[in-house]
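Read the structure below first, then the notes.
The values are calculated or read from the model by the stated rules, or taken from the named source; none is laboratory data. This structure is a prediction, so every number in the text was calculated from the model and none was measured. FYI the Cβ positions are ideal-geometry reconstructions off the backbone, even for glycines, and counts take in every protein chain you see. With ligands, DNA and RNA removed, areas are computed over all heavy atoms of the protein, side chains included. Shrake-Rupley method; radii C 1.70, N 1.55, O 1.52, S 1.80 Å.
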Amino acid sequence: MSRIENGQIIKALSGFYYVRSAEGALTECRARGIFRKEHISPLVGDFVEFSVERGKGMIESILPRKNSFVRPAVSNLDALVILASGANPVTDPFLIDRVSAIAGNQNVPVLVCVNKIDLNDGEKLIGIYRHAGFDVFPTSAETGAGVDALMQAIEGKTVAFTGNSGVGKSSILNTMDADFSVATGEVSDKLGRGRHTTRHVELYRLPNGASVIDTPGFSSFDTDQMELILKENLQYAFPDFAPFLGKCRYNDCAHLHEPDCAVLQALKDGQIEPSRHASYARLYESAKEIKLWEHKLP
C-alpha cells in the first residue's frame, strides 16, 4: 500500500526525479503522465507530494512555485548570486545587469559577489552595485577573504551561482565546502562523461544549510530568457529605479528620452548609475520586439 509524503526535488536525471523528504530520506521518483499531458515539467527545487510503494516513488502533485527558470530548469530560488571580477577576466556590468534583470523580473533577490580582490580591489564594480542597492560581497577564493560573509548571507537558502567564465564560481564554492567538487563530480564519473558535459541539475547542501544549484558546464543563466520580459515590465526589474517610478509626466514613460522623466532626472542627479541606465536602454531595445500575444511564461 502506498503512502503520500511531502518533499523537494533535489536532482533530475534521465526522467527520474530524486526527492528529499522533510526527514532527509531520498526517494527516486517518476512523474505522473498527467504532467506531460498538461505540458508541465517537474523542476529541481519543486516542492511536491509523492507516493511511495515498495521503495519506488511517484510524483503526484507539484506545489505552487514562487519562481521558475528555463535554463537552468529550476524553481523556488531564494536568491541568485552573480559572480563578477575586477581582474582578468574583467566583468562587463552589462552582463550583471542582464542576468539581474532576469532574476528581478521574478522577484528573486540578487547578491553580487566581486571575486579576485587579491588581484584587483574591484572598487568600480563594488561601487556601482552598492549604489544601486544590491548586497555586494568582495571576496577572494585564493585567500578566503569575504567568503564567510557570503556564506552567512545565503545560510538556509536555496541559491544559484552564476557569472561569466573565469570569475571563480567553482573556486568560491570549493572554498565554502572542500567536498563540493568531489560530491558533484561523483555523478559525472558514474555517467562516464566529463563534469563539464553532464546534463543534469542538482541541489547540493552546504554545511550552513544553504542549498546550491549545481549545473556542471553551466556558467550563466540563459540570457535568452530576456525574451520573457516585456518592455513595460523591464523598469520593475531594476530595483534602483523603484523610488522614481510613477513620478514621470507620462504614465507610459519609457525612461529613455521623454521630458520630465523622474528616472532620467535621477540619472542626471547621480542617483542612478550611468552604466545601469545604459544597460536598461540596451535591454529595452530588445524588449520592444516582444509582442504581448506571443509572450510565454516559464
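Quick grid of which residues meet (1) within 20 Å of the chain's Cα centre (by Cα); (2) free of Cβ contacts under 8 Å to residues at least 24 places away in the same chain; (3) over 30 Å from Val136 (Cβ atoms):
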position: Val19; (1), (2), (3): no, no, yes
position: Gly33; (1), (2), (3): no, yes, yes
position: Glu38; (1), (2), (3): no, yes, yes
position: Phe50; (1), (2), (3): no, no, yes
position: Ile62; (1), (2), (3): no, no, yes
position: Thr91; (1), (2), (3): yes, no, no
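Residues being in contact with a Phe, Trp or Tyr (Cβ under 7 Å, 6 or more places away or on another chain) and buried (at least 19 other Cβ atoms within 10 Å of the Cβ): count how many of those fall in segment 16-26.
1
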| Do you know which of the residues in segment 28-57 that are aliphatic (A, V, I, L, M) and buried (at least 17 other Cβ atoms within 10 Å of the Cβ) is nearest to Thr158 (Cα to Cα)? | Val44
| task | Check Tyr250, Tyr236 and return the single one that is modelled with pLDDT of 95 or more, within 30 Å of Gln152 (Cβ to Cβ) and open to solvent by 90 Å² or more (accessible area, probe 1.4 Å). | result | Tyr236
| Restricting segment 164-194 to residues that are open to solvent by less than 10 Å² (accessible area, probe 1.4 Å) and at pLDDT 50 or above, the residue that is farthest from the chain's Cα centre (by Cα) | Phe180
| request: Take the residues in segment 58-76 that are modelled with pLDDT of 95 or more and of a type in the set (A, V, I, L, M, F, W, C), then tell me which one is surrounded by the fewest Cβ atoms within 10 Å (Cβ to Cβ). | output: Leu63
